[in-house]
């Protein structure tokens, strides 16, 4: 789901540093330990669909200090994730000497096993990967009913339905939720 491409300035990192950097950029590592934690099953799914590739190009021309450039290709909700991804990728690079680009993969531009997966397909995979039963949200937060993420109320995308307010990590999870049959209240 996330494709992360690290372009490291030749000689800027040792081989072990590059391995640690790549391991620190897996989807679950980018989302672990944040106040807006995700369900462990969702993180495992993201890791199974995510890839981190490290390149050390033969030629690197710049006058800037960056030790690497990291390109993150994210699904349809790249815009909503970009601040988080840029912050977390920068923190994962020793010294923070990095330029981060977040690119959104357009609808229909992601495929698994020879089949196009749109955001609704990906959200169905995410919803099915949840391991934990929905829990009561800690004070000041919501638990997203689609992906299981815990979201601060001031950052949540909300929906009022049947007298209940639901909070979502993004508009895509809210839209997916509204398309599902809802139990009678």
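No lab work stands behind these numbers, since they all come straight from the coordinates. Owing to the predicted nature of the structure, the values given are computational and were not obtained by experimental measurement. Glycine gets a Cβ as well: all are built from the backbone with ideal geometry, and neighbour counts include every protein chain shown.
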Problem - Antiparallel content of DSSP bridges confined to the chain, in %, to 5 - result: 55 percent
Handout entry: Theoretical ellipticity at 222 nm over the chain - DSSP helices of four or more residues, -39500 (n - 2.57) apiece, nearest 500
Key = -9500 deg cm²/dmol
Handout entry: Residues residue 164 and residue 71, FRET efficiency given R0 of 45 Å [Cβ-Cβ distance, rounded to 0.05]
Key = 0.65
Fill in the blank from the handout: Taking the reciprocal of mean 1/r across every pair of different Cα atoms in segment 3-111, the Kirkwood radius in Å is 14.5 Å
Exercise for the section: Give the share of C-alpha pairs in each 5 angstrom bin for segment 95-158, from 0 to the last occupied bin, in whole percents, shortest bins first. Expected result: 3, 14, 16, 14, 17, 15, 14, 6, 0
Exercise for the section: Quickly rank 168-175, 85-92, 111-118, 151-158 as a protection proxy: mean count of other C-beta atoms within 10 Å, highest first. Expected result: 168-175, 85-92, 151-158, 111-118
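Grab the eigenvalues of the alpha-carbon gyration tensor for the chain, scale each by 5, take roots, and send me the semi-axes largest first in whole angstrom.
Listed largest to smallest, the semi-axes of the chain are 34, 17, 14 Å.
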Problem - Efficiency of FRET from Cβ geometry, residue 91 and residue 59, R₀ 35 Å, rounded to 0.05 - result: 0.80
Practice task
Using Cα pairs closer than 8 Å and at least 6 residues apart in sequence, work out the relative contact order for segment 3-111, in percent.
Solution key: 35 percent
Handout entry: Förster radius 30 Å - calculated FRET efficiency between residue 179 and residue 16, Cβ distance, rounded to 0.05
Key = 0.05
Handout entry: Helix 119-129 axis, angle to the chain major axis (alpha carbon atoms, nearest 10°)
Key = 80 degrees
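In whole percent, what relative contact order does the chain give with Cα contacts below 8 Å and a gap of six or more residues?
21 percent
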Completion exercise
The helix 40-49 Cα axis meets the longest alpha-carbon principal axis of the chain at an angle in degrees, between 0 and 90 and rounded to 10, of 50 degrees
Fill in the blank from the handout: Under the 7 Å Cα-to-Cβ spin-label approximation, residue 83 and residue 137 lie apart by a distance in nanometres of 1.7 nm
Handout entry: Virtual spin-label span in nm between residue 120 and residue 152, 7 Å along Cα→Cβ
Key = 3.3 nm
